[in-house]
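Engineer: So that we are looking at the same thing, I have put the structure below in C-alpha cells.
The values are calculated or read from the model by the stated rules, or taken from the named source; none is laboratory data. Small disclaimer: the values here were computed from a predicted structure and weren't measured. For neighbour counting, all protein chains shown are included, and Cβ atoms are generated from backbone atoms with ideal geometry for every residue, glycine included. All accessible areas refer to the heavy atoms of the entire protein, side chains included, with ligands and DNA or RNA removed. Shrake-Rupley method; radii C 1.70, N 1.55, O 1.52, S 1.80 Å.
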Amino acid sequence: MVVDDHPMWRDGVARDLTDAGYLVTAVIGEGAQALRIAQAACPDVVVLDLQLADLSGVEVIRGLLDALPAVRILMLSASGEQRDVLDALKAGATGYLVKSAGRQEFLDAVRRTADGEAVFTAGLAGLVLGEYRKLATSPKGAPQLTAREIEVLRLVAKGLSYKQVAEDLVISLRTVQNHVQNTLSKLQLHNRSALVRYALENGLD
C-alpha cells in the first residue's frame, strides 16, 4: 500500500512497485483514508510519507499497527531530520528512506522491509546511534543482555542484515539468528522492528 499526498509522487512509486512485480493493493493520498481501508487492503508493506495533509505519519504508523500488528512500514520522506527519523522508528516504522533515494535503492529497501529488516538511507543509522549516546545503557528494570547480544542489537538497529552482522562479527548466520531470538525473548518483543525500537528507547550503544 502506498500512502502519499502528492499525486505524481505516489503514482510513480506505485508504478515502480508494479513494474518490479509487487501487487499494490491501494494507492492513497490521506492518512485517515489509509487507516479506514488498511484491513481491507491487507498490505504486507506500507510505503508511507511522513508529512500528510490530514494526519502526521507517526499517527498513521500507530493506527496501522493497531489494525495490522504484523504490517511492515517503510517511511519515504523528504525529511532526513534526526527527530523525524527517530519519531517514526519509535512509533513502529520498520525503516526510513529519504525521497532522494534512487529507484533501485527504493526497491531494495521495500524488499528488505518485507523481510523484516530495519532499513535506513545511508547516513541515517548514524543519527540513530547518536541518539543512543544520550540514554542510559542499562535502564532500570530492563532485562540484562549479554555483551554479544548488545553488539548484535546495535548492528541490527543500524539496518544490517543477519548475513552482514555475521560477517561483521565473524560468527555464523545461525549464531546471529539465535542471539536475535534470545534478545527478543528476553525483551518480550516479537519482531526486528520492535527490537530496533527497544534499542532507540533504551540507549543500547
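Engineer: If you go through segment 48-65 one residue at a time, how many are open to solvent by 10 Å² or more (accessible area, probe 1.4 Å) and not in a loop (DSSP other than H, G, I, E, B)?
Structural biologist: Residues in segment 48-65 being open to solvent by 10 Å² or more (accessible area, probe 1.4 Å) and not in a loop (DSSP other than H, G, I, E, B): 7 in total.
Engineer: Moving on. Pairs, please: C-beta under 8 Å, at least 6 apart or cross-chain, first residue over 12 Å from Leu107 (Cβ atoms) and in contact (Cβ under 8 Å) with a residue 12 or more places away in the chain and in segment 6-24, second open to solvent by 90 Å² or more (accessible area, probe 1.4 Å) and assigned to a helix (DSSP H, G or I)?
Structural biologist: No pair meets every condition.
Engineer: Here is a further query. Taking the condition at pLDDT 85 or above, open to solvent by less than 10 Å² (accessible area, probe 1.4 Å) and closer than 21 Å to Ser161 by Cβ, does Ala93 pass?
Structural biologist: Working: at pLDDT 85 or above: yes; open to solvent by less than 10 Å² (accessible area, probe 1.4 Å): yes; closer than 21 Å to Ser161 by Cβ: yes.
For Ala93, the condition - at pLDDT 85 or above, open to solvent by less than 10 Å² (accessible area, probe 1.4 Å) and closer than 21 Å to Ser161 by Cβ - is met.
Engineer: All but one of (1) of a type in the set (A, V, I, L, M); (2) buried (at least 18 other Cβ atoms within 10 Å of the Cβ); (3) in contact with an Asp or Glu (Cβ under 6 Å, 6 or more places away or on another chain) hold for Leu68; state the number of the condition that does not hold.
Structural biologist: With (1) of a type in the set (A, V, I, L, M); (2) buried (at least 18 other Cβ atoms within 10 Å of the Cβ); (3) in contact with an Asp or Glu (Cβ under 6 Å, 6 or more places away or on another chain) applied to Leu68, the lone miss is (3).
Engineer: In segment 71-90, how many residues are open to solvent by less than 60 Å² (accessible area, probe 1.4 Å), farther than 24 Å from Leu23 by Cβ and of a type in the set (A, V, I, L, M)?
Structural biologist: Number satisfying all stated conditions: 4.
Engineer: Restricting to segment 78-95, give me the number of residues that are outside any helix (DSSP H, G or I) and free of Cβ contacts under 8 Å to residues at least 40 places away in the same chain.
Structural biologist: Qualifying residue count for the region: 3.
Engineer: Hey, among Gln164, Gln144, Gln104, Gln177, which residue is outside any helix (DSSP H, G or I) and either open to solvent by 20 Å² or more (accessible area, probe 1.4 Å) or modelled with pLDDT under 75 (or both)?
Structural biologist: Gln144
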